[in-house]
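Q: Have a look at the structure that comes next, please.
The values are calculated or read from the model by the stated rules, or taken from the named source; none is laboratory data. Since we're looking at a predicted model, the values are computed, not measured. Note: ideal-geometry Cβ built from the backbone for every residue, glycine included; neighbour counts use all protein chains shown. Accessible surface areas use protein heavy atoms only, side chains included; no ligands, DNA or RNA. Shrake-Rupley method; radii C 1.70, N 1.55, O 1.52, S 1.80 Å.
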Amino acid sequence: MSTLRDPAAALLEWYDRHARDLPWRIGPEPRARGARPDPYRVWLSEVMLQQTTVAAVRDYFHRFTTLWPTVEALAAAEDGRVMGEWAGLGYYARARNLLKCARVVAHEHAGHFPETAEALRKLPGVGPYTAAAIAAIAFDRPETVVDGNVERVIARRFDIRTPLPAAKPEITARAGALTPEARPGCYAQAVMDLGATICTPKNPACGICPWRDDCAGRLAGTAADLPAKTPKKPKPVRHGIAYLARRVDGAWLLERRPDSGLLGGMLGWPGSEWTEGDPAPAPPIRAEWRDVGAEARHTFTHFHLRLALRTALVPMERTPERGAFLPLEEFRPSDLPTVMRKAFDLAAKG
Ligand code: SF4
C-alpha cells in the first residue's frame with residue numbers, strides 16, 4: 001500500500017484495523033455506527049494520562065468510574081476519598097483540580113462538558129492539550145492534539161531535527177496541517193496509537209507503519225534519534241526526615257498536607273522541611289525516636305528526595321504537636337502518596 005496519497009486517510013485506514021482497545025474509548029466500528037464517547041470518561045482518562053502510562057491508568061480508571069460513574073457523582077464525592085483513590089498516580093494537584101473541575105461542570109454547566117477547546121480551557125486543571133484532546137475525542141472537533149507520542153511521530157515524519165522544546169511550534173504547525181476535517185476524533189487517537197504501538201521511542205517499526213513511504217525521518221535514517229532533546233540539567237537532591245509514630249493501640253500519627261504545594265491535600269507522615277542541606281529535626285511528638293537506617297527515595301518533577309525515617313511507639317496519653325492519630329481500622333497504606341507509602345513499607349521492614 002502506498003501512503004503517498006493522503007496521510008490522514010492512510011492513518012485512519014490503519015486505525016480502523018489496529019485501534020487499541022481502551023476502556024474510555026469508543027472504537028472505530030461502534031463510532032461509525034453512531035456511538036459517541038462519554039465526555040466525562042474522556043476527560044477523566046486524559047487527566048489521569050497526563051504523565052502516566054495507559055497501563056498504570058487502567059485500574060484507576062476502572063475504580064473511579066465504578067465509584068463515580070458520572071461527573072455529578074464525582075462532584076458529590078468527599079475530597080479525602082477522592083485523594084485516597086488517586087494515591088499512587090502522583091501529581092496530586094491534578095486530583096484536586098479534578099474535583100474542582102467536576103464541581104464546576106456539575107454545578108455551572110448542568111453536568112455537561114463544554115464542546116469547544118476554548119471553553120474547555122476555562123475549566124480547572126484543563127490546559128491546552130487536554131482541552132484539545134477532549135474537544136477532538138469527545139466532540140469530534142478538528143483540534144490539533146500534541147502529546148509526547150505525537151511530538152515524536154511528527155518530528156520523525158517531517159525529519160524535524162530542532163531539539164525539543166524549541167521544536168514545539170513547528171511540530172504543532174505540522175500536526176495541525178495534517179489534521180483532517182473528517183473524523184478528527186478518530187484521527188487524534190490514531191496518531192496517539194501510532195506513537196504508542198509503531199512509532200515507539202526506541203526501534204520504531206517503520207516496516208509496518210502506514211506512513212512508511214513518505215516519512216522523511218525514515219527516508220533520512222534519522223527516525224530512531226528523533227525527537228532531539230535539549231539535555232536536561234541534573235535534578236537537585238533534597239533531604240528530609242519523616243516521623244512514623246505508632247500509638248500502643250495501633251493508631252498511626254498522620255498529617256494532612258496543606259492544599260498548596262507538593263502532595264497538597266494528601267495524607268502523609270509528619271516531617272522536617274525538605275532541603276538541599278541537612279534537614280533540621282522536627283519530631284511531631286515527644287518520643288524515643290529510632291533511626292530505621294534506610295531512606296525512602298522518590299523522584300519528583302524537579303528534584304530527587306531522600307527521606308530518612310524515624311519510628312517510635314508512643315503511649316496512649318501523649319498528645320502530638322502536629323498531625324492526628326488515625327485509628328488502625330481507618331488506616332489504609334494505599335491512601336498514601338507513593339513516597340509516604342515507600343516510607344511506611346521501609347519502616348515496617350526496619
Ligand atoms: S515510518 Fe517509522 S519513523 Fe516514520 S512515522 Fe512510521 S514508524 Fe515513525
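Q: Report relative contact order for the chain in percent, whole number only (criteria: Cα-Cα under 8 Å, sequence separation at least 6).
A: After rounding, I find 16 percent.
Q: Percent antiparallel among DSSP beta bridges with both residues in the chain, to the nearest 5?
A: Roughly 55 percent of the beta bridges in the chain run antiparallel, per DSSP.
Q: Tell me the relative contact order for the range 12-143 as a rounded percent, counting alpha carbon contacts under 8 Å between residues six or more apart.
A: With pairs under 8 Å counted, the relative contact order is 23 percent.
Q: May I ask you to derive the FRET efficiency for A9 and T222 from their Cβ-Cβ distance with R0 = 35 Å, giving the value to the nearest 0.05?
A: 0.85
Q: To the nearest 20 debye, what is the magnitude of the charge dipole of the range 1-156 about its Cα centre, counting +1 on the Cβ of each Lys and Arg and -1 on the Cβ of each Asp and Glu?
A: 180 debye
Q: Read phi for every residue in the range 190-207 and hand back ³J(HN,Hα) as whole Hz from Karplus 6.51 cos²θ - 1.76 cosθ + 1.60, θ = phi - 60°, with x for Gly and Pro.
A: My calculation for the range 190-207 gives 5, 5, 4, 5, 4, x, 7, 10, 10, 8, 6, x, 9, 6, x, 8, 4, x Hz in order.
Q: A further question follows. Considering only V54, V191, V71, give the residue with the highest GNM mean-square fluctuation for the chain, with springs between Cα atoms whenever their separation is below 10 Å.
A: Looking only at V54, V191, V71, the largest GNM fluctuation is found for V54.
Q: Any idea how far apart V54 and H109 come out in nm if each label point goes 7 Å out from Cα toward Cβ?
A: About 2.5 nm, to one decimal.
Q: Of A173, G185, A138, which is farthest along the charge dipole of the range 52-185 in the positive direction, counting Lys and Arg as +1 and Asp and Glu as -1 at C-beta?
A: Checking the options against the dipole of the range 52-185, the answer is A173.
Q: Just the accessible area per residue of the chain, please: how many Å² with a 1.4 Å probe?
A: 49 Å²
Q: OK, next. What is the extension gain from A177 to E118, computed as 0.36 nm multiplied by their sequence separation minus the C-alpha to C-alpha distance, in nm to one decimal?
A: 19.3 nm
Q: Here is a follow-up. Distance check, please: which entries in K122/K235; K122/K229; K100/K168; K229/K342; K168/K232 exceed 22 angstrom between their Cα atoms? Display every interim value, and only then the final one.
A: Details: K122/K235 32 Å; K122/K229 31 Å; K100/K168 30 Å; K229/K342 32 Å; K168/K232 16 Å.
Pairs exceeding the cut-off: K122/K235; K122/K229; K100/K168; K229/K342.
Q: So how strong a dipole does the chain carry about its Cα centre when Lys and Arg Cβ are +1 and Asp and Glu Cβ are -1, to the nearest 20 debye?
A: 680 debye
Q: Under a point spin-label approximation (7 Å from Cα along Cα-to-Cβ), what is the D21-R286 distance to one decimal in nm?
A: Roughly 6.3 nm, to one decimal.
Q: Remind me, what semi-axes does the range 257-341 give for its equivalent ellipsoid, largest first in whole Å, using sqrt of 5 times each Cα gyration tensor eigenvalue? Don't jump to the answer; show the numbers that get you there.
A: Values: eigenvalues 95, 58, 33 Å².
Working through the eigenvalues yields semi-axes of 22, 17, 13 Å.
Q: A further question follows. Per DSSP H run of n ≥ 4, the term is -39500 (n - 2.57); total these for the chain, divide by its residue number, and report the mean residue ellipticity at 222 nm rounded to 500 deg cm²/dmol.
A: Using -39500 (n - 2.57) per qualifying helix, the result is -11500 deg cm²/dmol.
Q: Treating the angle as unsigned and between 0 and 90°, give the value, to the nearest 10°, between the Cα long axis of helix 168-178 and the longest Cα principal axis of the chain.
A: 40 degrees
Q: May I ask you to evaluate 6.51 cos²θ - 1.76 cosθ + 1.60, the Karplus curve with θ = phi - 60°, for each residue of the range 304-321 and list the ³J(HN,Hα) values in order in whole Hz, giving x for glycine and proline?
A: Values per residue, Gly and Pro as x: 9, 10, 10, 10, 6, 10, 10, 10, 7, 10, 10, x, 4, 7, 6, 9, x, 7 Hz.
Q: Relative to the compact-globule scaling 2.2 N^0.38 Å, provide the ratio for the alpha-carbon radius of gyration of the range 1-128.
A: The value comes to 1.19.
Q: Taking amide H atoms as placed 1.01 Å from N in the peptide plane, list the residues 5 or more away in sequence, or in a different chain, whose amide H sits under 5 Å from that of R238.
A: HN-HN under 5 Å from R238: H304, L305, R306.
Q: Here's a follow-up. Keeping all protein chains in position, work out how much accessible area D345 exposes to a 1.4 Å probe, and write it in Å² to the nearest 10.
A: For D345, the solvent-accessible surface is approximately 80 Å².
Q: Now, a different point. What is the distance, in nm, between label points placed 7 Å from the Cα along the Cα-to-Cβ direction at D259 and at A348?
A: Going from the D259 label point to the A348 one covers 3.2 nm.
Q: Most fluctuating residue of T52, T301, T144 in a GNM of the chain with Cα springs under 10 Å: which is it?
A: Per the Cα network of the chain with a 10 Å cutoff, T301 tops the list.
Q: Further question: For the chain, I need the span (max minus min coordinate) of the C-alpha atoms along each principal axis, in Å, sorted largest to smallest.
A: Over the chain, Cα extents along the principal axes are 77, 47, 30 Å.
Q: Quote the charge dipole size of the range 236-350 about the Cα centre in Debye, to the nearest 20; the model charges only the Cβ of Lys and Arg (+1) and of Asp and Glu (-1).
A: 200 debye
Q: Shifting gears a bit: Can you give the net charge of the other residues whose Cβ lies under 11 Å from the Cβ of A155, counting K and R as +1 and D and E as -1? Could the numbers behind the result be given before it?
A: Numbers: positive: R152, R156, R157, R161, K168, R174, K229; negative: E151, D159, E170, D225.
My count for the surroundings of A155 gives +3.
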